[in-house]
Amino acid sequence: MNNLFVQDVGPFSMRPQEKAAFLGSRLSELLEYHVERCPQYATLVADWRRTGGREADNIVDNIADYPFVPVSLFKEYDLRSSREELAVIQSSSTTSTSAAKVYVDKESRKRQTRSANLILADFIGAERRPYLVFDLESTVRGTKGFSARGAAILALAHMANEFHFVMVEGDNGPEIDLDALSAALAKIDGRPFIAYGFTYLLYQAHRAMSELSGLEAHPDSVFLHSGGWKKLTDIAVDKPAFNATVAEPWRLAHERVIDFYGMVEQIGIVYPDCPEGVKHVPYWADVIMRRADTLEPAEPGEPGLIQLISSLPLAAPNHSVLSEDLGCIVQTNGCACGRSGTAFVFRGRAPRSETRGCSDVVRR
Amino acid sequence: MSYAVDIRHAPDAAGGSLEEAVAALRARAPDSGVGFTERLEALDRLAKGILEPSSVIRRQVPAQGLAYLATFLQKCQLEGLIRRELADPRSLSEFVSVGSRKSIRHVPRGLVCHWVAGNVPLLALFSWAVSVVLGNRNLVRLSSRQEDVVSPFLEALAGGSEAGAGIARETVVVSFPTDHADAHRIMSEAADVRIAWGGREAVTAVRSLPVPWECEDIVFGPRASLAVIDPAAIDPKGIGRLAVDTAVFDQLACSSPQCIFVRAGRDSERFKRFRDDFSRAFADAANNYPRHPLDFSETYTIGLDRARALLEGGEIARDDGTSWTVAVLDTPNDSVQCANRFVQLIPFESFSEVYPLIPLNVQTVVTQLAADDLAEFTEQAAHFGVCRFPKPGEGNNFENPWDGVGLVSRLCRSVLRTDAI
């Protein structure tokens, strides 16, 4: 379970063959670890072994064959691999009816922080800087649990040497606090900063700020955002329009606005867009696109349901989840940005199925 | 907003608009000159044509369900289903004495308007056929996003015989978008009978259209179906037929069993043998009947539902892909979507355990029970809403009555006469 991060090896520097061996052995250990501790996971793995004719003591030598837990199960069941008191991260549930509940222990939290730091440092540099948070301070309060928004804010906390929350609760939810923003900028005093907000909140705040004049950011400043695009798609805001809305008031290049993909079930693994517009997978994680109809691994260029694999989680079996998101592997090694290994693009949530027959769900 | 209405099939006099088509159908003489027997024979000829390997229709419309439709269109089938409702079918041609100096005659209702669901296009042909046999004129609306599966049948019918050509002239097929409110209203206001097939949203939309008060509504909305089986009363052939009933139409038909209640204790040898035999037969059926390619959401759901069944204390038999799943559970899990060849086996000892688990929207319960048990179970279950109790192998045969509705009596008017002394 140790030696998760290799000294002096960048997150995207490991060669594919080396990574396969490295990750395979960790995932084999992790599978047994969760089987021993989480009875529900043991049930799912037993079915996977029985159906695939896999022996109980086999080593996972093909990551594409690695079992997954459908993410929806984290909304419906209490899946945990530890009896200790654990923190809980809940999905924001802005567009779905129920929230996922993912347990985290101290060790996993440490791994998540280290993982996020290594990945983000590779994109924006390791130096600490002022952190402008486009959210409420209350989002990160509490010790036993966080929302997905809170967890995402804290994932970047170790990049920060000072925090500035610049939104307050308004009549219709969070809204920009111009006094707090002004005070923060005065304190930052022209230094490069890092800013983060959930995609929709960041957009909403910048729409409200569009009339402000005199805003200026150091050109090395960066705006990171994550979270669903559904609300923005509904109002016909695409990525270029979003980037312009956020970057222009600060006189920043649009490339300084970076979208990153992540899931509450895989906190600690963030997938920022590289300058080539694709997402890279660190050596302690993997992604597999699974085909419609068969769930077989999709070929590069072929869209699929995203299976996310991470060697970080110890408190719950969320180390390999099948998401309802669609993605597409665009490179298996060697991006023009210089990062090696698998790169993919995110294609949004899988559309709901059309009604095909005259059968109905059972009504009682 | 205005849209064009696409007239796909119409007699020459129908013109180019929906209003003209409706007027042409309304203007036709009440008695078209094509008698009941000739109508049966024309459809029988159409059925034989469909079944021929060289059939043009086979190339024009989806294969799934075609064999069921061809069987249904046979003269003996149509005669049989009419006899279930009319004591003497001669009343479709003349007044027939019913005693006490009274005679009865059955005449067509008039103009029957059909709303065909995009997801189950062939189904509409079953009710269209009954309507046609009874001498009604028909206006069939296809969704603008669906293939025209009706016109090829009308062309084949017209080419088969003079009577067939006469029948084909009594049907107009149109297509227009779902949100073309005016076209829907024109159809609805012209209807003597409205027939709607499809999902909840589709049938609710048709029911909400303005309509003459005397119009008859026949609504075939979405339904859920089951099977109740005594392993002691079913042989391997029956198990194979039950598996086909479940797998065919990708288990998405209203008559597809979603749960199979099995009369045996979960740990009994009898149950285990049935589970294993059924799983083998289900795997065979899944391989033998082609399935539509699952979309991403359906594919994800298969994986999720398998996990749900396991975490609810169930056991599952399945393939290594997504072709079929048999989940054994103590009680039906309603969050599991029993579609695309995912069936739940529920053990039970007494019928009293099954009655409360019959859903409100039930349609079919495929049964294979000993005679006494069948009598007991069906008598009670009928009061819980079940509309039909076919044997394995008959689950998806379209029958009359359907969804508890007798089509014949709804599609003709009963005229009573006091006879001359």
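Here are some notes:
- Counting residues in region A:291-309 that are free of Cβ contacts under 8 Å to residues at least 40 places away in the same chain, over 16 Å from A:Phe12 (Cβ atoms) and buried (at least 24 other Cβ atoms within 10 Å of the Cβ) gives one or more.
- Verdict on B:Ala327 being within 14 Å of another protein chain (Cβ to nearest Cβ), surrounded by fewer than 24 Cβ atoms within 10 Å (Cβ to Cβ) and part of a strand (DSSP E or B): no
- Residue in region B:179-196 that is at pLDDT below 95, over 19 Å from the mean Cα position of the chain (by Cα) and not in a helix (DSSP H, G or I) present: yes
- In region B:409-421, of all residues being touching a strand residue (DSSP E or B) at 6+ places or on another chain (Cβ under 8 Å) and among the β-branched types (Val, Ile, Thr), the one that is farthest from B:Pro108 (Cα to Cα) corresponds to B:Thr418.
- Candidate set: region A:198-220, residues that are polar (S, T, N, Q) and free of Cβ contacts under 8 Å to residues at least 60 places away in the same chain; chosen: the one surrounded by the fewest Cβ atoms within 10 Å (Cβ to Cβ): A:Ser213
- Every test in (1) in a helix (DSSP H, G or I); (2) in contact with a Phe, Trp or Tyr (Cβ under 9 Å, 6 or more places away or on another chain) is passed by B:Asn396 save one, and that test is (1).
- Filter pass, A:Arg339 being more than 20 Å from A:Lys19 (Cβ to Cβ) and of a type in the set (Lys, Arg): no
- Members of region B:106-163 found to be in a loop (DSSP other than H, G, I, E, B), in contact with a Ser or Thr (Cβ under 8 Å, 6 or more places away or on another chain) and either at pLDDT 95 or above or of a type in the set (Gly, Ala, Ser) (or both), listed by number: B:Ala117, B:Gly118, B:Gly135, B:Ser144
- Hey, B:Gln337 assigned to a loop (DSSP other than H, G, I, E, B) and under 18 Å from A:Gly357 (Cβ atoms) or not: yes
- Every residue from region A:141-182 that is modelled with pLDDT under 90 and among the aliphatic types (A, V, I, L, M): A:Ala148, A:Ala151, A:Ala152, A:Ile153, A:Leu154, A:Ala155, A:Leu156, A:Ala157, A:Met159
- Residues (among the acidic types (Asp, Glu) and in a loop (DSSP other than H, G, I, E, B)) located in region B:271-291: none
- Criterion: surrounded by fewer than 21 Cβ atoms within 10 Å (Cβ to Cβ), touching a residue at least 12 places away in the same chain (Cβ under 8 Å), outside the structural domain of B:Pro347 (by TED's automatic domain parsing) and not aliphatic (A, V, I, L, M) - qualifying residue of B:Gly198, B:Gly160, B:Gly164, B:Gly240: B:Gly160
- Filter result (within 9 Å of chain A (Cβ to nearest Cβ), surrounded by 15 or more Cβ atoms within 10 Å (Cβ to Cβ) and in a loop (DSSP other than H, G, I, E, B)) within region B:292-313: B:His292, B:Leu294, B:Asp295
- Total residues in region A:104-157, condition outside any helix (DSSP H, G or I), within 15 Å of A:Ile194 (Cβ to Cβ) and not basic (Lys, Arg): 10
- Test result for B:Ala281, within 12 Å of another protein chain (Cβ to nearest Cβ), at pLDDT 95 or above and crowded, with 19+ Cβ neighbours inside 10 Å: no
- Here A:His158 passes the criteria (1) surrounded by 15 or more Cβ atoms within 10 Å (Cβ to Cβ); (2) over 21 Å from the mean Cα position of the chain (by Cα) except the one numbered (2).
- Residue that is nearest to the other protein chains (Cβ to nearest Cβ) [pool: residues in region B:218-241 that are touching a strand residue (DSSP E or B) at 6+ places or on another chain (Cβ under 6 Å) and either part of a helix (DSSP H, G or I) or among the hydroxyl-bearing types (Ser, Thr, Tyr) (or both)]: B:Ser225
The values are calculated or read from the model by the stated rules, or taken from the named source; none is laboratory data. Fair warning: this is a prediction, and the values are worked out from it, not measured in the lab. No Cβ is skipped: glycine too gets one built from the backbone with ideal geometry, and neighbour counts run over all protein chains shown.
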